[in-house]
Amino acid sequence: EEKYDKGLKKTRSSFMDKLNRLFANFRSVDEDFFEDLEDTLIESDVGFDMAVKLTDELRDEVKLQNAKDSEAVKNVIVKKMIDIYDEAGNGENNNINLVNDGLSVIMFVGVNGVGKTTTIGKMAKLYKNQGKKVLLAAADTFRAGAIQQLNVWAQRDGVDIVKKEEGSDPAAVVYEAVQKAQKDNYDVLFVDTAGRLQNKVNLMNELAKMKKVLTREIPEAPHEVLLTLDATTGQNALNQAKLFKEVTNVTGIVLTKLDGTAKGGIILAIRNELHLPVKYVGLGEKVTDLSKFNPSEYVYGLFK
Ligand code: GDP
């Protein structure tokens, strides 16, 4: 996909700069090479454990395939990265769980500034274009400007929104939204939330209260809880993810800002350490800068 390809440009160059430097000095696949490769992978945000595991498996694979020149070795690396990603995922798919007939509720969680509101704006348009009736709920009532920002997206996308004043109870917003969504036969309800990790107990209670309001109307709701992570924050994103997994039932990841200077390896670290599927990736600020995540396209994209 072209936008995927273009969007990944900076991430690719920061990842490939490192690998290219390694391959520029390539002489033979000796132990020095593997040690440098391991360092490179760690620097690329794949995470320490994953870097060690990947390097170990590459050592075996390179021997097995008798790969000698740098192109052959690169190919082994690409294939191995895809295999490892798929392996960690146990063959699950990364589709958004939508109800065939009735209302699907998609809740977004994540800290401030990671791109929740923007991603909702992009996805709402995507679904609207598919002919779905979309409603947004501005349940990030905490951050100044969040409600207004979601409202701008609603207008831009031509979809409806339920909002209250800043400081309102987020669960009250969700309540109103789910009532309206059911009464007026909406297909998809997106819920924007405030992600204040500073107070874990408050956040947990707030999310639990929203969920309670939802399940009272629709026992399976929310059908998705998408944790949004900013790829440029590297290992920080992983730490946020671990905390959010503790406070709520996350069903998938949206990884934003892959058009920036993300190091690219973060995808493998997320998969390996969190066991959550990356479902969508953000590749810019525009409404069309969202792509369904495809692991092999992504890894091949990095090595282009
Ligand atoms: P929220 O606080 O989690 O709702 O984050 P926002 O949606 O307000 O996004 C914070 C900033 O990141 C905004 O300036 C967005 O335009 C920007 N942003 C969001 N997603 C992306 C992305 O995929 N790429 C880039 N370059 N910027 C993004």
Requested in this report: Scan the range 208-218 residue by residue and report those that are aliphatic (A, V, I, L, M) and open to solvent by 10 Å² or more (accessible area, probe 1.4 Å).
Outcome: Ala208, Val213, Ile218
Query raised in the report: Counting only residues that are part of a loop (DSSP other than H, G, I, E, B) and among the aromatic types (Phe, Trp, Tyr), how many does the range 164-202 have?
Result: 1
Query - Verdict on Glu246 being in contact (Cβ under 8 Å) with a residue 60 or more places away in the chain, out of contact with any helix residue (DSSP H, G or I) (no Cβ under 7 Å at 6 or more places or on another chain) and among the acidic types (Asp, Glu) - result: no
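Conditions (1) touching a residue at least 24 places away in the same chain (Cβ under 8 Å); (2) touching a Phe, Trp or Tyr at 6+ places or on another chain (Cβ under 6 Å); (3) among the polar types (S, T, N, Q); (4) over 19 Å from Arg143 (Cβ atoms), marked per residue:
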{"site": "Ala171", "(1), (2), (3), (4)": "yes, no, no, no"}
{"site": "Ala177", "(1), (2), (3), (4)": "yes, no, no, no"}
{"site": "Tyr186", "(1), (2), (3), (4)": "yes, no, no, yes"}
{"site": "Asn202", "(1), (2), (3), (4)": "no, no, yes, no"}
{"site": "Leu207", "(1), (2), (3), (4)": "yes, no, no, no"}
{"site": "Pro222", "(1), (2), (3), (4)": "yes, no, no, yes"}
{"site": "Asp230", "(1), (2), (3), (4)": "yes, no, no, no"}
{"site": "Gly234", "(1), (2), (3), (4)": "yes, no, no, yes"}
Query raised in the report: Taking the range 86-110 as the search range and keeping residues that are open to solvent by less than 10 Å² (accessible area, probe 1.4 Å) and more than 16 Å from the ligand (Cβ to nearest atom), which one is modelled with the lowest pLDDT?
Result: Gly89
Query raised in the report: Which one is most open to solvent (accessible area, probe 1.4 Å) among residues in the range 9-50 that are without any contact (Cβ under 8 Å) to a residue 40 or more places away in the chain and within 19 Å of Ile270 (Cα to Cα)?
Result: Phe48
Query - Asp83 modelled with pLDDT of 90 or more, more than 13 Å from Gly265 (Cα to Cα) and not in a loop (DSSP other than H, G, I, E, B) - result: no
Query - Candidate set: the range 133-158, residues that are out of contact with any Phe, Trp or Tyr (no Cβ under 8 Å at 6 or more places or on another chain) and more than 12 Å from the ligand (Cβ to nearest atom); chosen: the one nearest to Ala194 (Cα to Cα) - result: Thr141
Requested in this report: Report, by residue number, each residue of the range 273-300 that is away from the ligand (no atom under 15 Å from the Cβ), open to solvent by less than 40 Å² (accessible area, probe 1.4 Å) and assigned to a helix (DSSP H, G or I).
Outcome: Leu274, Pro295, Val299
Requested in this report: Please list, ordered by first then second residue, the pairs with beta carbon atoms under 9 Å, 6 or more apart or interchain, first in the range 111-127 and near the ligand (Cβ under 6 Å from one of its atoms), second part of a helix (DSSP H, G or I) and open to solvent by less than 10 Å² (accessible area, probe 1.4 Å).
Outcome: Asn112/Ala146; Val114/Ala237; Lys116/Ala146; Thr117/Ala146; Thr117/Leu150
Query raised in the report: Can you find a residue in the range 219-238 that is open to solvent by 30 Å² or more (accessible area, probe 1.4 Å) and assigned to a loop (DSSP other than H, G, I, E, B)?
Result: yes
**Report entry** Some residue of the range 253-266 being more than 16 Å from the ligand (Cβ to nearest atom), without any contact (Cβ under 8 Å) to a residue 40 or more places away in the chain and out of contact with any Gly (no Cβ under 8 Å at 6 or more places or on another chain)
**Finding:** no
Report summary line: Gly115 fails exactly one of (1) open to solvent by less than 50 Å² (accessible area, probe 1.4 Å); (2) on the phi < 0 side of the Ramachandran plot, namely (2)
Query - Complete set of residues in the range 32-80 that are among the hydrophobic types (A, V, I, L, M, F, W, C) and part of a loop (DSSP other than H, G, I, E, B) - result: Val46, Ala67
Requested in this report: Among the numbered conditions (1) open to solvent by 60 Å² or more (accessible area, probe 1.4 Å); (2) within 16 Å of the ligand (Cβ to nearest atom), tell me where Gln182 comes up short.
Outcome: (2)
Query raised in the report: Conditions: (1) without any contact (Cβ under 8 Å) to a residue 60 or more places away in the chain; (2) under 30 Å from Asn199 (Cα atoms); (3) surrounded by 14 or more Cβ atoms within 10 Å (Cβ to Cβ). Glu165 meets all but one. Number of the miss?
Result: (3)
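The values are calculated or read from the model by the stated rules, or taken from the named source; none is laboratory data. Worth saying up front: this structure is predicted, and the values here are computed from it rather than measured. Neighbour counts run over all protein chains shown; Cβ positions are idealised from the backbone, glycine included. Heavy atoms of the whole protein, side chains included, go into the accessibility calculation; ligands, DNA and RNA do not. Shrake-Rupley method; radii C 1.70, N 1.55, O 1.52, S 1.80 Å.
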